[in-house]
Amino acid sequence: MATMTFARAINAGLRRAMEADPKVLLMGEDIGSLGGVFRITDGLQKDFGAHRVLDTPLAESGIIGTAVGLAYRGYRPVCEIQFDGFIYPAFDQIVSQVAKLHYRTQGLVKVPLTIRVPFGGGIGSPEHHSESPEAYFTHTSGLRVISVSNPQDAYTMIQQAIACDDPVLYFEPKRRYHDRGDVDESVDPATALSLGSAQVLTEGRDVTLVTYGPLVKTALDVAVAAGDEGVSVEVIDLRSLSPVDYPVVEASVRKTGRLVITHEAGQNGGLGAEIAASITERCFHYLEHAPVRVTGFDIPYPYSKLESHHLPDLDRILDGVDRAMGRANSLSNLPGADD
Amino acid sequence: MLQVLAPSGERLPEPQLDPWLQDLDGADGAAVLAGLYEDMVVIRRIDAEATALQRQGELALWPPLLGQEAAQIGSGRALRQDDFVFSSYRENGVAYCRGVDLSQILRVWRGNASSGWDPFAINMATPQIIIGAQTLHAVGYAMGIQFDGADAAAVAYFGDGATSEGDVNEAMVFAASYQAPAIFFCQNNHWAISEPVSLQSHITLAERAGGFGIPHLRVDGNDVLAVLAATRIALDRARQGGGPSFIEAVTYRMGPHTTADDPTRYRDANELEDWAAKDPIARLERHLEATGVLDDALRQRVADKADEVAAVVRAGVISMPEPEALDVFKHVYAEPNPWLDRQEDHYRRYLDQFDHSGATAGATTEGGRR
Ligand SMILES: Cc1ncc(C[n+]2csc(CCOP(=O)(O)OP(=O)(O)O)c2C)c(N)n1
């Protein structure tokens, strides 16, 4: 067991995947000698050569589109999109080509492509550097979307994503890159918890708190704080955003009767809405309260002095827990408030 | 614009292309020419048959290639089987050269599947609808060829309109930077649906490639020999490690964009007349007549072959099996997906309510439970 940062864990996972399969290659802007702007690919070009770790021209559609051609040729490309806000120029290739190729060829062409996206806010960046675009992709059939929340998962799941015969968007919470954690490098990705599984991180009786990526750490803090106030919170790390592991969420909600979902992305049409609806359909008679969402606002990502207001934090999520519990909360005194 | 055959059918000296056509002057030259002639006549016939099938309601839509036979056969016949083609929707002549099972071409246009053939069986990706997207796929594939140390090439087919798309420009950037063995084969058929090529570019399309550092040739696209030679030049460069090439084949779409289009709304009848005089098949015919290759026997043999192929195409379309209702869920993912499995399961239960008829698409009538 080694202690390493989140960033280092992805790097170690990439290295292991490249060692295991010569068809794995990395592509992206600045990922070669620089090791990427976040240094996730640090040292890999030196060790595997410029044909396995490609510095690409500055053309996001080009990165994804040529990766599709490489997949046709039997390669398993791992593309880095430098920042969340720069994935949009590649959107067409991702949703029209990558997502649909297997379907439109009746399964004859596989696209084992991994697209790594450093995403989310909280690092004081200029605009286009802090976005949470995951819902665009969870809405697109043919893609798998995952988000990792800790170094061990980062290490294991990057290998699982690369081994997966479906295209995978791998969302990395960039504000957690420097967090440290234990990583068991001897873990076998084939037998580890699968890419599509959610994980219950803390058991609780009163409220199920569902989240992923950057907010998992915050959610764990919420569970501790709520515990101090006598509320027992069960935290679920979704890990897979498409497909969502509903059986795990469902089992938890049947037990707790209350659901809070939190994410940095805006609320409208977001993943929280999907989970609230699906759980209501599946567990209506078990619910003691309507599902509660605590999300970023429906605004363009704000300039950095305001981002702490936009991003759900411990107190806002606790407020959401209070709402789900029917305790005094920020909406209690509103006319027509839900409690 | 490079030309080997004048519209009159006369063979013109062309120092850049002639060295690549030496096989035509050898012992088998007549057979090679007769082969090109047969291919062009056959694909024109396939095209006409498909148009007829669409008019008869057997196909939902069809994009005719009438007028572009020389561009497609000249280039398609230059390729080796280990080269890989990424095309758009109009390159059925190229698919024919690759050896596609003919009725599979029409599967998509009948609406029975979203792709017709196995790309790896004929080394040609299934047709692309998103304009220009396939050029990046070709370049990526070419990069893979390069990494594998193979001497094949990847060929991207696209139209004049496509050259305005970002992807085509990004593809040229990637191809030039990595010196990938990719061929950009642009069929400038003068129209992108209703938009003239002048709206896409102020300079020739071939010249644009120069800006990316990609060697380029502009050839008469109605001259099958010029196209053949140009493609051979580009392939040779790719195989020798010389990187990408761009070919602009200047041709003309003599029919509508698709069977849903009405070109009389945007293009002048005189223009069509001018281009009809440069018809690629008539041109080769004149040449073959003048050189004594084309006689009544050959003419008859080729006509018979075209009839035979057309009959296969028609029979293939009409006997095509209908897809099953639950096929709609197939192949979205390569690996199991519980969310989709659940939707499929729900839909199966829904269909099961209708006595025994649920399994086949179209078997349930619209409206009301039975
Ligand atoms: C990205 C995209 N935009 C628009 C269309 C609609 N469309 C289909 S064909 C076409 C014209 C394409 O012209 P060109 O590239 O010259 O090819 P041609 O049809 O002449 O072979 C357009 C605009 C499309 N398929 N894809």
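The values are calculated or read from the model by the stated rules, or taken from the named source; none is laboratory data. Just so you know, these numbers come straight off a predicted model, no measurement behind them. Positions of Cβ are backbone-derived with ideal geometry, glycine not excepted, and every protein chain shown enters the neighbour counts. Ligands, DNA and RNA are stripped out before the accessible areas are found, and what is left, the full protein with its side chains, is counted by its heavy atoms. Shrake-Rupley method; radii C 1.70, N 1.55, O 1.52, S 1.80 Å.
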*Step through the residues of region B:79-95 one at a time and calculate ³J(HN,Hα) from phi using the Karplus curve (6.51 cos²θ - 1.76 cosθ + 1.60, θ = phi - 60°), rounding each to whole Hz and writing x for Gly and Pro.*
7, 9, 5, 7, 6, 10, 10, 10, 10, 9, 8, 9, 8, 5, x, 5, 4
*If R0 is 56 Å, what FRET efficiency do you get for residue B:318 and residue A:285 from their C-beta distance, rounded to 0.05?*
0.55
*Using the structure shown, select from A:110/B:330; A:23/A:110; A:46/A:100; A:174/A:305 the pairs with a Cα to Cα distance greater than 24 angstrom.*
A:46/A:100
*If you take the beta carbon distance between residue B:28 and residue B:291 as r and set R0 to 22 Å, what does 1/(1 + (r/R0)^6) give as a FRET efficiency, to the nearest 0.05?*
0.95
_Can you return the aspartates and glutamates within cross-link range of residue B:305? Criterion is Cα-Cα under 16 Å, with same-chain partners fewer than 8 residues away left out._
B:38, B:39, B:47, B:49, B:101, B:295, B:296
*Starting from the coordinates of the alpha-carbon atoms of chain B, obtain the Kirkwood hydrodynamic radius over all distinct pairs and give the value in Å to one decimal.*
22.0
*To the nearest 0.05, what FRET efficiency results for residue A:96 and residue B:301 with a Förster distance of 60 Å applied to their C-beta separation?*
0.85
*For the peptides B:67-78, B:197-208, B:24-35, A:163-174, what is the packing order when you average, over each peptide's residues, the other Cβ atoms within 10 Å and list the highest mean first?*
B:67-78, A:163-174, B:197-208, B:24-35
*Taking Cα pairs under 8 Å and at least six residues apart, what relative contact order does chain B come out at, in percent?*
22
*Taking square-rooted eigenvalues a ≥ b ≥ c of the alpha carbon gyration tensor, is region B:241-310 rounded, prolate or oblate, where a/c under 1.5 means rounded and, failing that, a/b exceeding b/c means prolate?*
oblate
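Would region A:108-166 count as rounded, prolate or oblate if I go by the C-alpha gyration tensor, calling it rounded below 1.5 in a/c and otherwise prolate when a/b exceeds b/c, oblate otherwise?
oblate
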*asked:* Run the simple label-point estimate for residue B:151 and residue A:165 please: 7 Å along Cα→C-beta, distance reported in nm.
replied: 3.4
*Quickly work out the residue A:178-to-residue B:61 label distance, labels modelled 7 Å from Cα along the C-beta direction, and quote it in nm with one decimal.*
5.3
*Would you mind calculating the gained length between residue B:276 and residue B:239 on full extension (0.36 nm times residue separation, minus the Cα-Cα distance), in nm to one decimal?*
9.7 nm
*For region B:8-87 and region A:246-295, what is the separation of their Cα centres, given in Å?*
60
*What nm distance separates the two modelled labels at residue A:123 and residue A:186, each placed 7 Å from Cα along Cα→Cβ?*
3.3
*Considering region A:33-188, what Rg and Dmax in Å follow from its alpha-carbon atoms?*
15.2, 45
*Kirkwood hydrodynamic radius (C-alpha pairs) into Stokes-Einstein, region B:9-79, 20 °C and 1.002 mPa s, D in µm²/s*: 151
_Largest to smallest principal axis extent of the C-alpha atoms in the protein assembly as shown, angstrom_ = 99, 67, 45
_Quick check: the angle from helix A:246-256's long axis to the longest principal axis of chain A, C-alpha only, nearest 10 degrees?_
20
*Residues with amide H under 5 Å of residue A:265's amide H, sequence separation 5 or more or different chain, H placed in the peptide plane at 1.01 Å from N; which?*
A:296
*Per residue of A:96-102, how many C-beta atoms from partner chains lie within 10 Å of its own C-beta, taken as a mean?*
4
*Three-way shape call for region B:183-310 based on the alpha-carbon gyration tensor, with the a/c threshold at 1.5*: oblate
*Which whole-number percent is the relative contact order of chain A (Cα, under 8 Å, 6+ apart)?*
15
*If you rank A:128, B:287 by how much accessible surface each has, with a 1.4 Å probe, what is the order from largest down?*
A:128, B:287
